[in-house]
1. Which one of these does A:ILE489 not meet: (1) more than 16 Å from ligand 2 (Cβ to nearest atom); (2) within 8 Å of chain C (Cβ to nearest Cβ); (3) surrounded by 18 or more Cβ atoms within 10 Å (Cβ to Cβ); (4) assigned to a helix (DSSP H, G or I)?
2. Which one of the conditions (1) touching a Gly at 6+ places or on another chain (Cβ under 9 Å); (2) open to solvent by less than 30 Å² (accessible area, probe 1.4 Å); (3) farther than 15 Å from C:ALA165 by Cβ does A:PRO333 fail to meet, given that it meets all the rest?
3. Could you list, in sequence order, all residues of segment A:1-34 that are more than 7 Å from chain C (Cβ to nearest Cβ), among the charged types (D, E, K, R) and touching a helix residue (DSSP H, G or I) at 6+ places or on another chain (Cβ under 8 Å)?
4. Residues to consider are C:VAL44, C:VAL75, C:VAL33, C:VAL104; find the one that is part of a strand (DSSP E or B), away from chain A (no Cβ under 13 Å), more than 16 Å from ligand 1 (Cβ to nearest atom) and open to solvent by less than 20 Å² (accessible area, probe 1.4 Å).
5. From the residues in segment A:421-438 that are crowded, with 24+ Cβ neighbours inside 10 Å and not aliphatic (A, V, I, L, M), which one is farthest from ligand 4 (Cβ to nearest atom)?
6. In segment A:134-161, which residue that is among the aliphatic types (A, V, I, L, M) and open to solvent by 20 Å² or more (accessible area, probe 1.4 Å) is nearest to A:ASN60 (Cα to Cα)?
Amino acid sequence: MTDVGRHPRIELLTLSEVVDVQGYIGNFRIKVLRKARYVDEKECTACSDCLEVCPVTKPNEFDLGLSTRKAIYQPFPQAVPSAFVLNLEDCLGNNPIACGKCAEACDLKCIDYDMQDKEVEFRVGTVIVATGMDVYDPTELDEFGYTRFENVITSLEFERLINSGGPTEGHLIRPTDWQLPKRVAFIQCIGSRSEKRGNPYCSNICCMNTVKDSLLIKDHWPEVEIKVFYMDIRAFGKGFEDLYKRSKAAGVMYIRGIPGDIREDPEAKNLILLSEDRNEGKVVEHEVDMVILSVGLVPNSDSPIIRQLLTLSQTSDGFFMEAHPKLLPVDAPTKGVFFAGCAEAPKDIKDSVTQASAAASRANILMSAGKITIEAITSHIDEELCKACGICARVCPYHAIEFDKEKKLPARVIEASCHGCGACAAECTFGAITMRHFTDQQIISQIESALGENPQDKVVVFACNWCSYAGGDFAGISRLQYPPSVRIIRTMCSGRVDEKFVLHAFKLGAPIVLVSGCHFADCHYISANRWTQKRVEKLWDKLEKKGVRPERLQLEWISAAEGLKFAKVMKEMEELRKGVTMEEIEYTQKEL
Amino acid sequence: MAEEADFKCLRCGHRFKAPYSPKDEPQERACPQCGSNSVRRIKEKAKGK
Amino acid sequence: MEIERAETEELRIGVFVCYCGLNISGTVDCEAVAEYARGLKDVVVVNTNRYTCSEPGQQTIKDHIKEHNLNRVVVASCTPLMHEPTFRAACQEVGLNPYLLEMVNLREHCSWVHMHEPEKATEKAKDMVKMGVSRARYLQPQIEKEVSVDKSALVIGGGIAGIQASLDLANAGYQVYLVEKKPSIGGTMAQIDKTFPTMDCSI
Ligand code: SF4
Ligand code: SF4
Ligand code: SF4
Ligand SMILES: [Zn+2]
């Protein structure tokens, strides 16, 4: 930590928040709001003279309110920067008449009540998002009595209690009587792995944290009786199983099943846990002196702001979404942005450090090259044709299109951010968008050639470059045979398949059209294929209205590994094709 | 209770019910009978006919 | 529906049909496909080759581009996911923009999947080449633009991950701006004394 404070190339901006990000990969313009510290960071030597005179006492946030601090304080002893900070809301008045004791006490004169918040601006080439997580607040789980019963605490509060730098200097006590608790219970999965309350995911760290905490207690106070109530113990990392075994060998009792209720003995302030004994099928009571709720991790409350500033996305759990869950796990969908630590998902310290180094290395690759070539396959908006409807900006998974609702100016593509999926071009109803290398003309001419002779014998297949086209390749490599009626047209993403391509194919006499792309989870353009599906659904309605069987337009998600599925679907297409009569085709050609 | 809707497979013709709410994010659907993704939601008014 | 067609310069398309040993030619009658291609509009030269991706195969493409002044190239061989970069590079070497190349996937999408129907496969191959040639007509040169990357990084968040990333980047020689909301860096980690699995101090 202190290395950061000392490093000549690290500018540390504390009490600061990013308020604006402009630009794109390689050239981000950042605006940061630096809140006033009211103490000169460079001059303050953390001598503590001011502390002694400050008359205000407040709960200490760092100790989660288990201890107190003054209005002017050092967040914690090893803080970097080590300078004190004055909390103006706690201070009796930024008016020396009201108090002003600390300024007087400070020999170096580094306290300035009139210090102002400052906006700082700079340019960077890359961004690393390491915004971390918050800890789940178990108050809503009323049955565990957190905040109702004083001796029910969270695992993070426990960390402060048992920390040698903490409020009790590392002595284990329970809150009501400051005595060593003789019997302690841990309850696992608080706020995790529940579909009903809290979060459905596993928070990754809580099992091992409890195993560690149980050993911390046993190492110092072997007489303390410890019961751990759990669903499963997940000890899958290097050295984890050993630690778990050590904990069991030290006498920690691991009991499967989460207690359904906790009651408090109003006098002794002891807690009675009701849990079901699965073997006996009856309810058992466990009386303990203190309960520690092993709370899970939740996305940082600032995530939505960062998400907006950097145009990121989130997965269903609320954590940030990677560019690809397996192949680009530290890259953000926005080029030049990377993830480190719990911002992306709950993880322990080792994994956080590993990911941080990976993110730094990914950023390093870009910066050491000093330049990057950007995708030639990008979209282009014709200002003359654009009606400023804004649809394109809404569908773009990368927020690569700038569009100002108020100003009603033509939309603009930020080429360095565009990944070239073509969803915008397919959605623009005014034909204002040209997809480079996959233009309407190019695709239409392929359709026309495919259906030039005997269209009734052909099946037109749109296949996305990454998955379904590659799935077709895999069928080939595996020599899986299918009928030769299909004519494949490649697009980068199924999201490129414009309504008019499909209708044009039917107009030219195609009996069957198949639109195929990646499975939702594999979409190489984050979510562009959601628009494919919506468009196909709309087309089904449209065809039906015109009296054309919607069955003639087919949809399929085929991955690059699904050669078998590709061949199977092609056979099915041929079967469907045989069912389409000449009359039907002629009718369609007339109607559309 | 979760909302449901009627679906029809445009490949094999199978009809089935599946959880659906207009508020949902679009999701990948497959026919429980033939596995096809050509699954169409049958809207209310079409059902009455 | 009327699709606007861009005016282009005189088109000179070269088609290169690959045998891939017997991989393609074992099923598809490559000479017949080549003959068919000769009749397509704007095609000025058609060539067949045992292995188009081999050095001599690529040389043939380059020679033909120069000799016939080709401004579009269609290679009917294997999947573009494999050899598009190879043939793009070949075009570029003789001054043809790499985006003026079109590939037709005769192997993975035709000969290998219709092995028992050589005649139909040959017909399909002709269609595919025709599709490729017509697409090639509308290809436009594309330029891969370069943008510079500033040698500095913003790290948002001063917890363990932010600290590690900042140090790594600063040690690699870049200017780092580390932005932390709280008055000190350290994050959640600083609140914890001993950490698993080694039970040592975290700071
Ligand atoms: S969708 Fe088309 S018309 Fe609408 S803003 Fe985008 S480019 Fe303009
Ligand atoms: S092509 Fe795709 S990534 Fe590019 S601007 Fe359009 S929607 Fe966005
Ligand atoms: S270019 Fe492709 S099809 Fe031709 S020989 Fe090489 S691998 Fe085979
Ligand atoms: Zn079905």
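1. (4)
2. That leaves (1) as the condition not met.
3. A:ASP20, the sole residue that qualifies.
4. On the way: C:VAL44 fails: open to solvent by less than 20 Å² (accessible area, probe 1.4 Å); C:VAL33 fails: part of a strand (DSSP E or B); C:VAL104 fails: away from chain A (no Cβ under 13 Å).
It is C:VAL75.
5. Taking the candidates together, the pick is A:CYS424.
6. If we filter segment A:134-161 for residues that are among the aliphatic types (A, V, I, L, M), which is where we start, we get A:135, A:141, A:152-153, A:156, A:161.
Applying the additional criterion that residues be open to solvent by 20 Å² or more (accessible area, probe 1.4 Å) yields A:135, A:156.
Numbers: A:VAL135: 17, A:LEU156: 14 Å.
By that ranking, first place goes to A:LEU156.
For every residue, the table says whether it meets (1) within 16 Å of ligand 3 (Cβ to nearest atom); (2) open to solvent by less than 60 Å² (accessible area, probe 1.4 Å); (3) in contact (Cβ under 8 Å) with a residue 40 or more places away in the chain; (4) touching a helix residue (DSSP H, G or I) at 6+ places or on another chain (Cβ under 8 Å).
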site: A:LYS371; (1), (2), (3), (4): no, no, yes, no
site: A:ILE377; (1), (2), (3), (4): no, yes, yes, no
site: A:LYS387; (1), (2), (3), (4): no, no, yes, no
site: A:GLY390; (1), (2), (3), (4): no, yes, no, no
site: A:VAL395; (1), (2), (3), (4): no, yes, yes, yes
site: A:ALA400; (1), (2), (3), (4): no, yes, no, no
site: A:LYS408; (1), (2), (3), (4): no, no, no, no
site: A:CYS418; (1), (2), (3), (4): no, yes, yes, no
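To keep it simple, each residue is scored yes or no on (1) touching a residue at least 40 places away in the same chain (Cβ under 8 Å); (2) polar (S, T, N, Q).
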position	(1), (2)
C:THR79	no, yes
C:ALA90	no, no
C:VAL113	no, no
C:ALA121	yes, no
C:SER152	no, yes
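The values are calculated or read from the model by the stated rules, or taken from the named source; none is laboratory data. Please read all numbers here as calculations on a predicted model, not as lab measurements. Methodologically, a virtual Cβ is constructed for each residue, glycine included, from the backbone with ideal geometry; neighbour enumeration extends over all protein chains shown. These area figures cover heavy atoms from the full protein model, side chains too; ligands, DNA and RNA do not enter into them. Shrake-Rupley method; radii C 1.70, N 1.55, O 1.52, S 1.80 Å.
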